Amino acid sequence: GVDLQVCTSKNPTCCTKKMEERYQTAARQDMQQVLQTSSATLKFLISHNAAVFQETFEMLIRLAENYTSTLFCNAYRNMAAEATVHVQEFFTDVGLFLFGTDVSTEEFLNRFFDTLFPVVYNHVINPGPTDISLEYAECLRVARRDIRPFGNVPEKAMGQMGRALLPSRTFMQALNLGIEVINTTDHLHFSKDCSRTLLRMQYCPHCQGLTLSKPCMGYCLNILRGCLADVAEVDLHWRGYIQSLEELSGAMSGAYDIEHVLLNFHSLVNDALVQARINGPELSEQVNKICGPPVRKPKESPGCSFDKNKDNQGLKKFFRDSEETLAIRRKEFISHLRLYRAFYGSLADQLCGNELAAADGLPCWNGEDVIRSYTHRVVGSGIKAQSANPEVKVKGTDPVISQIIDKLKHVIQV
């Protein structure tokens, strides 16, 4: 073919324009494939751990909910059915918060203690032959923060929950962002110029019957450092991302460990109920001042509908078996992840060194011919270094990559 665009040469070639176009598509697809293969273990590491942490958190929430419902069944049987509904709502909110919904811990903790107060008043502080009316219960709910029937327990719970849930929520968000970063760099859109140079590097030798020759190392580096210049810009932020995940993970232990806080929530609730019972007479007086004497209606208190034995044993066993505790699991994950700190900075070198380029000292392809060694200058990584690239023209940053860098900066900040 005389009308070749890229694989031109002095001698006749075995390529037509049609073949050149097909080779161009193949070169692009090969590159995508090589990128995806190179990041496959990293991507699996993050997505597998994200799934394991999510499952463990869900189990932890269910176990904590069961402990709290069991407390009511064992110690406050007459109000267990009513209280369990509020316990379930509370732990649903905990789950929503952990997995990224915009609810505030302060808000749902307040809501829990607000809705618990009328139940406690009705059954513990001022029990009567009949139930308090809905309007009266509403008055109690609104007055709870002024009356403070549970002493400082709600504040204590807020301090613990806020500090334990937020790091775990951030940790989950960061893992999901890690997967998004890899998916983005796995599906790069190569510029026209870049696609042509990839074609010249990989398939143009075929047009001259040189099907076994591989590109020279320096030539390969220039082309890939040019085509992956955007991706190299992710390097600094990726290192920062792994560093802050490591710091976050280290800070997620001790008294604010999510396991510790969630699984001990039931004992805080017990403290709150004990406090209300001890201060019963004073609380009754305060309530009478704010809401008047209790307005009652016929009683309808079913017993305890929660089967505490069925669930707890299985959950406890799951939790013990769920591959050690969360802290050990996190430590292991971070130590594996640290091996990928330089992943984006060395991507071009990795690809040329592992499979694309010819070994040192062997004859190699330089884009026009098979030669002994590549003579052009080899440029560094990143956008700035590309102005001197003899093989590829790099224009500016890909907006998709800029966006992912902004997300990394944001999560590091968080």
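Remarks
- For the range 353-408, a residue qualifies if it is surrounded by 14 or more Cβ atoms within 10 Å (Cβ to Cβ), within 30 Å of LEU177 (Cβ to Cβ) and charged (D, E, K, R), and the qualifying residues are ASP398, LYS407.
To keep it simple, each residue is scored yes or no on (1) touching a strand residue (DSSP E or B) at 6+ places or on another chain (Cβ under 8 Å); (2) open to solvent by less than 10 Å² (accessible area, probe 1.4 Å); (3) of a type in the set (D, E, K, R); (4) not in a helix (DSSP H, G or I).
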position	(1), (2), (3), (4)
ASP146	no, no, yes, no
MET161	no, yes, no, no
LEU165	no, yes, no, no
PRO205	yes, yes, no, no
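- Qualifying residue in the range 15-33 (condition: buried (at least 19 other Cβ atoms within 10 Å of the Cβ) and β-branched (Val, Ile, Thr)): no
- Inspection of the range 150-168 identifies no residue that is among the hydroxyl-bearing types (Ser, Thr, Tyr) and more than 30 Å from TRP238 (Cβ to Cβ).
- Any hit, the range 88-98, residues being surrounded by 21 or more Cβ atoms within 10 Å (Cβ to Cβ) and touching a Pro at 6+ places or on another chain (Cβ under 7 Å): no
- Restricting attention to the range 234-273 and to residues that are polar (S, T, N, Q) and more than 17 Å from LEU60 (Cβ to Cβ), the residue that is most open to solvent (accessible area, probe 1.4 Å) turns out to be GLN243.
- Taken as a whole, the structure places ARG200 among residues that are charged (D, E, K, R) and touching a helix residue (DSSP H, G or I) at 6+ places or on another chain (Cβ under 9 Å).
- VAL85 meets each of the listed conditions (1) out of contact with any Lys or Arg (no Cβ under 9 Å at 6 or more places or on another chain); (2) in contact (Cβ under 8 Å) with a residue 12 or more places away in the chain; (3) closer than 20 Å to LEU268 by Cα apart from (2).
- Any chance TYR76 is under 35 Å from the mean Cα position of the chain (by Cα) and open to solvent by less than 60 Å² (accessible area, probe 1.4 Å): no
Quick grid of which residues meet (1) open to solvent by 30 Å² or more (accessible area, probe 1.4 Å); (2) β-branched (Val, Ile, Thr); (3) under 21 Å from the mean Cα position of the chain (by Cα); (4) under 30 Å from SER244 (Cα atoms):
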{"residue": "THR170", "(1), (2), (3), (4)": "no, yes, yes, yes"}
{"residue": "GLN173", "(1), (2), (3), (4)": "yes, no, yes, yes"}
{"residue": "LEU188", "(1), (2), (3), (4)": "no, no, no, yes"}
{"residue": "ARG196", "(1), (2), (3), (4)": "yes, no, no, no"}
{"residue": "THR211", "(1), (2), (3), (4)": "yes, yes, no, no"}
{"residue": "LEU224", "(1), (2), (3), (4)": "no, no, no, yes"}
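- Number of positions in the range 28-57 that are within 21 Å of LYS331 (Cα to Cα) and in contact (Cβ under 8 Å) with a residue 60 or more places away in the chain: 13
- Inspection of the range 277-287 finds no residue satisfying the criterion of being buried (at least 17 other Cβ atoms within 10 Å of the Cβ), under 30 Å from the mean Cα position of the chain (by Cα) and part of a loop (DSSP other than H, G, I, E, B).
- Applying the criterion of being in a helix (DSSP H, G or I) and of a type in the set (A, V, I, L, M, F, W, C) to the residues of the range 213-222, the residue that is least open to solvent (accessible area, probe 1.4 Å) is CYS220.
- Which numbered condition ASP131 misses (of (1) among the acidic types (Asp, Glu); (2) over 19 Å from ALA64 (Cα atoms); (3) open to solvent by 30 Å² or more (accessible area, probe 1.4 Å)): (3)
- The single condition from (1) farther than 30 Å from SER39 by Cα; (2) modelled with pLDDT of 90 or more that SER195 fails is (1).
The values are calculated or read from the model by the stated rules, or taken from the named source; none is laboratory data. Quantities reported herein were computed from a predicted structural model and do not represent experimental measurements. Backbone-built Cβ (ideal geometry, glycine too); neighbour counts: all protein chains shown. Side chains included, ligands, DNA and RNA excluded: accessible areas come from the protein's heavy atoms. Shrake-Rupley method; radii C 1.70, N 1.55, O 1.52, S 1.80 Å.
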